[in-house]
Amino acid sequence: TLRCLISLLHPLVSDAESIIRQHLASQLLPLSVACMFDTPNPPSPFLKEGETRKYHAQGYKIVTSSILNHLNNLVVDSDVDVRKAASDTLATLALYIKQEDIAPMILPIPLRLAHEQKQRQGNNLVSKIEKDSVNRAEDLR
């Protein structure tokens, strides 16, 4: 059943309708939690001191290899509501990920987004400077 559900994710992430992608992004959290834990009641995202979690090995691997990749695509979606839903899911999902996996699996996503935003801002600045230079050159003629 899990493999069947996971195989459906790629077409849904690529769906032309943004509402489908938005709903998918919000539903990836409960799907991920269900995959990672073998308990009927999902654990709290907050661990008490000394508390540990018992992860389902195969389910955890599916979340960290497949579902995180889909979330990675959804956080850069063209629709702002999809990006917000994916970001919210990612932030809450990070609370369930093993501490040692946060840096290699979760942190690269917001770091990449911040880097891309900084590049866009830099490109916008270069474009503005070029446009201003052209306008001033035309004024001098």
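The values are calculated or read from the model by the stated rules, or taken from the named source; none is laboratory data. All values reported here derive from a predicted model rather than from experimental measurement. What goes into the accessible areas is simple: the full protein's heavy atoms, side chains included, and nothing from ligands, DNA or RNA. Shrake-Rupley method; radii C 1.70, N 1.55, O 1.52, S 1.80 Å.
What the table below lists for this structure:
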| item | result |
| --- | --- |
| Å² of accessible area per residue within segment 1-100, as computed with a 1.4 Å probe and no ligands counted | 60 |
| Using θ = phi - 60° and Karplus 6.51 cos²θ - 1.76 cosθ + 1.60, couplings along segment 87-92 (whole Hz; Gly, Pro as x) | 5, 4, 4, 4, 4, 6 |
| In sequence order, calculated HN-Hα J values of segment 30-46 (Karplus, 6.51, -1.76, 1.60; Hz; x Gly/Pro) | x, 5, 4, 4, 5, 5, 6, 10, 8, 9, x, 10, x, x, 5, x, 9 |
| Accessible carbon and sulfur surface of segment 6-48 relative to its total accessible area, %, 1.4 Å | 64 |
| Built amide H within the under 5 Å cut-off of Y96, gap 5+ | none |
| Principal semi-axes in Å for segment 1-100 [√(5λ), Cα gyration tensor, largest first] | 25, 15, 10 |
